[in-house]
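The block underneath contains the structure these notes are about, expressed in structure tokens.
The values are calculated or read from the model by the stated rules, or taken from the named source; none is laboratory data. Please read these numbers as outputs of a predicted model, since none were measured by experiment. All Cβ positions, glycine included, derive from the backbone under ideal geometry; neighbour counts span all protein chains shown.
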Amino acid sequence: MRGINLSGANLCQVNLELVNLTEGNLNYTNMTEANLRRALLYKISLKEANLQSANLEQVILQGSFLRKANLAYANLNNADLNSSNLINADLTGANLNNVNLNNAYLVGTCLKDAKVEGVSWDNAIITGVVMPDGTII
């Protein structure tokens with residue numbers, strides 16, 4: 001399904017475990033509570049997508065575009081978001097334990113109440129981010 005265009009689709013609660021959606025267009029897609037565990041989402045576009053409470057454990061999102069995406073309460077444990085754009089994304093209450101955010105863009109991103117143990121932030125651009133404790137950096 002590489003390069004697929006599912007923009008605006010309703011994929012609520014769908015099981016996409018291990019799927020390869022590399023370079024796909026999932027802008028404005030509703031993926032609330034979807035299972036994307038161990039999916040390959042390299043360079044995917046998820047602008048304003050709703051991934052609230054989705055399972056994104058061990059997902060590969062390197063170089064992906066998640067501007068204004070709703071990832072509130074999502075499970076991103078051990079995910080790879082290296083070089084991803086998370087500008088104005090909502091990660092409220094998300095599980096980001098052991099996530100790779102190296103070289104990521106976190107500008108205006110909300111991490112309030114998120115779990116961030118073991119996160120790698122090397123060379124990430126972090127500006128105007130609401131941190132788990134509510135402070136803004």
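When region 48-85 is limited to residues that are among the hydrophobic types (A, V, I, L, M, F, W, C), surrounded by fewer than 24 Cβ atoms within 10 Å (Cβ to Cβ) and in contact with an Asp or Glu (Cβ under 8 Å, 6 or more places away or on another chain), the one that is nearest to K115 (Cα to Cα) turns out to be A72. T22 fulfils the conditions (1) β-branched (V, I, T); (2) more than 13 Å from the chain's Cα centre (by Cα); (3) over 24 Å from G8 (Cα atoms) except for a single criterion, (3).
Residue-wise test of (1) on the phi < 0 side of the Ramachandran plot; (2) among the β-branched types (V, I, T); (3) in contact with a Pro (Cβ under 9 Å, 6 or more places away or on another chain).
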| position | (1), (2), (3) |
| --- | --- |
| N78 | no, no, no |
| L106 | yes, no, no |
| T109 | yes, yes, no |
| V130 | yes, yes, no |
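Quick one: which of E17, E23 is surrounded by fewer than 17 Cβ atoms within 10 Å (Cβ to Cβ), part of a loop (DSSP other than H, G, I, E, B), in contact with a strand residue (DSSP E or B) (Cβ under 8 Å, 6 or more places away or on another chain) and not basic (K, R)?
On the way: E23 fails: in contact with a strand residue (DSSP E or B) (Cβ under 8 Å, 6 or more places away or on another chain).
Matching residue, one of E17, E23: E17.
One residue alone among R67, R38 is in a loop (DSSP other than H, G, I, E, B) and within 18 Å of Y105 (Cα to Cα), and that residue is R67. For region 87-100, does any single residue satisfy the condition of being over 10 Å from the mean Cα position of the chain (by Cα), in a loop (DSSP other than H, G, I, E, B), of a type in the set (A, V, I, L, M) and surrounded by fewer than 18 Cβ atoms within 10 Å (Cβ to Cβ)? So far as region 87-100 goes, no, none of its residues is over 10 Å from the mean Cα position of the chain (by Cα), in a loop (DSSP other than H, G, I, E, B), of a type in the set (A, V, I, L, M) and surrounded by fewer than 18 Cβ atoms within 10 Å (Cβ to Cβ). Restricting to region 121-135, what's the tally of residues that are out of contact with any Lys or Arg (no Cβ under 8 Å at 6 or more places or on another chain), modelled with pLDDT of 90 or more and among the β-branched types (V, I, T)? Of the residues in that region, 4 qualify. In a residue-by-residue description of region 56-78, the property of being over 26 Å from A9 (Cα atoms) and at pLDDT 95 or above applies to at least one position.
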